[in-house]
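Structure record follows, encoded as C-alpha cells.
Read-outs: derived from the displayed coordinates by stated rules, not from any lab. Given the structure is predicted, the values throughout are model-derived calculations rather than measurements. Cβ: placed from backbone, ideal geometry, glycine included. Neighbour counts: every protein chain shown.
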Amino acid sequence: MNIEQKVFKWMEINARPLELAQYKYLYKNGSKDVLLNQLSRFQTESGGFAFGLEPDNLNAHPQAIQTWAAIPYILDLKLTTSDPMLNKTLDYLTNSMDENGFYAATIPSNNRVPHAVWWNYDQEHSYWGYNPSIALWAFIYKYRKGLKVKRLIVDAFAAFIDSPSDEMHELKCFVDAYTYLYEDKDDFLSFAVFEDVLKKQVLEVVKGHQDDPKESYGPSALTFVDSPSSLLYCVLRPYIETKLANLKNEINDKNMWDISFHWGQYETYFEKARVNWQSILVVKYMRFLIK
C-alpha cells in the first residue's frame, strides 16, 4: 500500500468521526454536510466550542482556545456570514472578551474535568499574552470588521514589531492573524512591517529548533504552515521539505504519526486524546503529501 492507502485505512479504524469526515471531505469527495454536522457537535448554544475539540481539554464549557481550534474546520468548509455556525462563532467571540478585549486561555471549570496539566486553571496565569487573542481578533475582523478589534490588532502588531514573540503557540497565533487579515492588509498601515518581522521571526524560530518529533516537543516548519498554499510556505520551503521526507519514513502498516507530549495525568483519557491528535495530524500532513 502507498502512504495514502495506509493512512485512509488507519483513519477508517481509528479516527474520531470529525476528522474522518474532514479527511473524506478534503481527499475523497466526501460530504460537506457530514463534516458540518460533526463539527456542530462541538459547538455550544453560546456559539463557542468545547467538548474536547482540542483533544487535551474535555471541558463542556466553551472557551477561547477551543473556539480557535474550530477555525481550521470552518475555513475548510468555506462558511460565510450567511451560515449560522459562523455567525454563532463570531457572536461568541465578540461577547466573550474581557474588559480589555482579551481572551483568557484557561477557565476555572477546567480543573473539574480530565485535561492536560497545561490546561490547569490558575488565576494568576490564566492569560497567555496574545495567545489566542490576536488570532481571534483577526478572525472577527475578517468577517465583521469593526473599529474595536481593529484597534486591538493595531496595538498587537506594534507590540510584536517591537518585541517579536518566540513562544511557538503565541507566534502561531500571529501567523494565523497574518493569514486571516491578508486580504484586508491595506486596512492596516503597519501590515508590511509586521509581515517582514513575522517572516524573519518564524524563520529564526524554526531554524533554532529543527525538531525531530521523536526526540523533542517544539516548533517545526509545519507548526506555522497549514498547507502548500500557506503564505509562509516559500519562506520555510527547505524545512518543510525536510519534514515531509521524515514523515514518509515514520509510518508503516501498524504505526501512524504520533504526538511528542504527554498530559502528565488522567492516563486513560490521555490515550484517547492521543489517538484524536493522531487523526488531526493525519489530516494536516496529508495536505502536503497527497499529490
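Values as computed for the structure displayed
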{"quantity": "Ascending count of other beta-carbon atoms within 10 Å, so fewest first, for ASP176, ASP187", "calculated": "ASP187, ASP176"}
{"quantity": "Total lysine pairs whose alpha carbons fall under 24 Å of each other in region 129-249 (8 or more apart, or interchain)", "calculated": "27"}
{"quantity": "ASP155/ASP91 FRET efficiency (R0 30 Å; Cβ-Cβ; nearest 0.05)", "calculated": "0.80"}
{"quantity": "Furthest towards positive pole of dipole, VAL202, LEU181, MET1, structure part the chain, Cβ charges", "calculated": "MET1"}
{"quantity": "Charge dipole (debye, nearest 20) of the chain; +1 at Cβ of Lys and Arg, -1 at Cβ of Asp and Glu", "calculated": "980"}
{"quantity": "Cα pair distances exceeding 17 angstrom across region 129-249, given as percent", "calculated": "55"}
{"quantity": "Linear extension gain, MET1 paired with ILE13, 0.36 nm per residue minus alpha-carbon span", "calculated": "2.7 nm"}
{"quantity": "Additional length obtainable on full extension of the chain from ASP166 to TYR182, 0.36 nm per residue less Cα span", "calculated": "3.6 nm"}
{"quantity": "Separation of the LYS145 and ASN29 label points, Cα + 7 Å toward Cβ, nm", "calculated": "4.0"}
{"quantity": "Centroid-to-centroid separation of region 160-200 and region 21-98 [C-alpha atoms, Å]", "calculated": "24"}
{"quantity": "Residues HIS115, HIS125, sorted so that the one with the fewest Cβ neighbours within 10 Å comes first", "calculated": "HIS125, HIS115"}
{"quantity": "Contact order normalised by residue count of region 129-249, Cα under 8 Å, 6+ apart, percent", "calculated": "23"}
{"quantity": "Residue order, fewest to most surrounding Cβ atoms within 10 angstrom, among SER40, SER165", "calculated": "SER40, SER165"}
{"quantity": "Rel. contact order, % - alpha carbon contacts under 8 angstrom, at least six apart, the chain", "calculated": "18"}
